Amino acid sequence: MSAIGLDDIEGIIGVPLYEEVGEFPVEQGYIWTTCSSVENGNPLFWEPEVAEEVTNGPIAPPTMVSVWFRPHHWAPNRTTTGLPLQVHFDLKEGLDLPEAVMSDNTIVFHEPVRPGDRLVTHQILRSVSDEKTTKLGTGRFWVIDVEYHNQRGDLVAVESYTGFGYRRGSQEVGA
Amino acid sequence: MTTPTLLHGQVAVGDELAELAYPVTATTIVLGALAARDWRPMHHDKDFAVNRNGTQDIFINTPNLAAWFERYLTDWTGPYGRLQRVTFRMLGSIFPGDTMVFRGAVTEVGVDATGCAWAALDISVSVDGDTKTTCAARVALPVTADDNPWDRRGDRWTP
C-alpha cells in the first residue's frame, strides 16, 4: 500500500494492511523494566506463585502491547523501517492533508500476552469522514484500528486511533 | 483465591481512588522511554527537546504514561482486576521537576451479559492543577472470592 486517495478508500475499509511480526518474543526482562519504571508492585508480575494462581503463569502488563513492536534502534542489514501507523501517513499523502493530529487512543484488551509469545499486528482503516472544518483547519477524520494477535491466532488487543488530517487555513491544496 | 483483591460489591459510583503524587525526574522519563523501547530523542535528549521540538525539556512518552495509569488502577484493584479497555486523551506534557498527581473516581458499575462484573472510572494525571492526560478505563472485577476475571476467554470475555 502507499498513498491512499479518495477513490481507494471504499476498497480498503476493513481490509487488514501492513501485517508485521514482532522482531523478538515477549520477554520477562522488559516486563520487569516497565514495572520498575512506574514502580508497579502488582505481585502478578513479580511473584510466580501469584501469577500461577491468578493467570496460570506469568503475563505481561496489558498496556505493554505496543512495546513488542517497536523496532530495535539498529539492526544489521536493515535499510528502511516502516512508520508506526503507516495507514495514517498514507491517508495524509493520498488526501493531500499536510498536517495531522491524533485526538483519541483506545486500547481494548483480550487474551493476555505471555513471555515467549510472538505477536503479529496489522492495521485496518475503519472510516474516513466527509470534509470537516475545525479550529485547526479543513480536513477529514479517520479511524484506524491496530489489531494484535499471538502466534496461536488469538486476538490479544485492538488499538483504535482517531486522527484528523487537515490543511491550515492558508494552505493551498497540493501546496 | 488467597491473594487480597477488590470485589465488585465493594465498589460504588462516586468512589474515589487514593491520590498518587510522584516527583518526576529526568531518570523517570528516560527509564520509562527505554522500558517502552521508545528511542525518540525528545524523551532523553534535552537539547533536542528544547531546540527542535520547542518544549521546555524532555517529557514522558505516551506508552509509559499508559503504564503509569495501569499501575494506578491495579494498585486499587489488586491482581484480580483485569483491564478491559482504556481511552486516553493527551492534553499536555510532563517534564522533569513536575510532581504529577493521579486521581480517579468510579463513574459506573455493571455486569455484562456473560456475568462479568466491571467498573468504569475516569482517571487523570495533572501537574499544578493542570490536567495533562485523561484516561477513561473499564476494569473487570471478581464478584466473589471464587470468581476470577482472568479465567474468561472467547465468548465469556467481551471487553
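Looking at the range B:7-100, which trypsin sites (Lys or Arg not before Pro) are DSSP coil and have at most 15 other C-beta atoms within 10 Å of their C-beta? Write out the running numbers ahead of the final one.
Working: sites: B:37, B:46, B:52, B:71, B:82, B:85, B:89; in loops: B:37, B:52.
Those satisfying the criteria are B:52.
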Taking the Cα atoms only, what angle lies between the long axis of helix B:26-35 and the longest principal axis of chain B, rounded to 10 degrees?
60 degrees
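Once Rh for the range A:2-94 is found with the Kirkwood sum over Cα pairs, what is the Stokes-Einstein diffusion coefficient at 10 °C and 1.306 mPa s, in µm²/s?
Values: Rh = 16.5 Å.
Answer, rounded: 96 µm²/s.
Residue B:87 to residue B:128: extension gain in nm, 0.36 nm per residue of separation minus the Cα-Cα distance?
Details: separation 41, 0.36 × 41 = 14.76 nm, distance 2.30 nm.
Full-extension gain reported as 12.5 nm.
Two-decimal Rg/Rh of the protein assembly as shown from alpha-carbon positions, Kirkwood Rh?
Working: Rg = 20.5 Å, Rh = 21.2 Å.
We get a ratio of 0.97 for the protein assembly as shown.
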The summed charge of the residue A:145 Cβ neighbourhood (under 11 Å; Lys/Arg +1, Asp/Glu -1) stands at -1
For q = 0.11, 0.16, 0.18 Å⁻¹, Debye-computed log10 I/I(0) when each Cα of the range A:6-167 counts as one equal scatterer
-0.55, -0.97, -1.11
Ratio of alpha-carbon Rg to the 2.2 N^0.38 Å globular estimate for the range B:116-159, to two decimals, please.
1.61
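Would you work out the charge dipole size for the range B:8-156 about its Cα centre, treating the Cβ of every Lys and Arg as +1 and the Cβ of every Asp and Glu as -1, and quote it to the nearest 20 debye?
Working: 14 positive and 19 negative charges, 104 e Å.
The dipole of the range B:8-156 has a size of about 500 debye.
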Where in the range B:16-33 does the label zone of residue B:47 land, with the point 7 angstrom along Cα→C-beta and an amide N cut-off under 15 Å?
none
If one computes P(r) from the Cα atoms of the range B:8-156, what percent of pairs lie at distances over 27 Å?
31 percent
Determine the distance separating the Cα centre of the range B:113-159 from the Cα centre of the range A:71-108; give it in Å without decimals.
29 Å
Hey, got the dipole for the range A:1-70? About the Cα centre, +1 on K and R Cβ, -1 on D and E Cβ, debye to the nearest 20?
160 debye
What is the P(r) of the range A:92-132, as percent of Cα-Cα pairs per 5 Å bin from 0?
5, 9, 19, 23, 14, 10, 10, 8, 3
Summing Lys, Arg as +1 and Asp, Glu as -1, what charge do residues with Cβ under 14 Å from the Cβ of residue B:88 carry, residue B:88 excluded?
0
Taking chain B as the reference, fit the longest principal axis to its C-alpha atoms, fit the long axis of helix B:62-77 to the helix C-alpha atoms, and give the angle between the two in degrees, 0 to 90, nearest 10.
40 degrees
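Counting helices only, and only those DSSP H runs with n ≥ 4, report the 222 nm mean residue ellipticity of the protein assembly as shown as the sum of -39,500 (n - 2.57) divided by its residues, in deg cm²/dmol to the nearest 500. Please report the intermediate quantities before stating the final value.
Working: 7 runs with 66 residues, N = 334.
Dividing the helical sum by the residues of the protein assembly as shown leaves -5500 deg cm²/dmol.
Readers should treat all values here as calculations from the given coordinates under stated rules, not as data from a laboratory. Since the model is a prediction, treat every value here as computed from it, not as a measurement. Glycine gets a Cβ as well: all are built from the backbone with ideal geometry, and neighbour counts include every protein chain shown.
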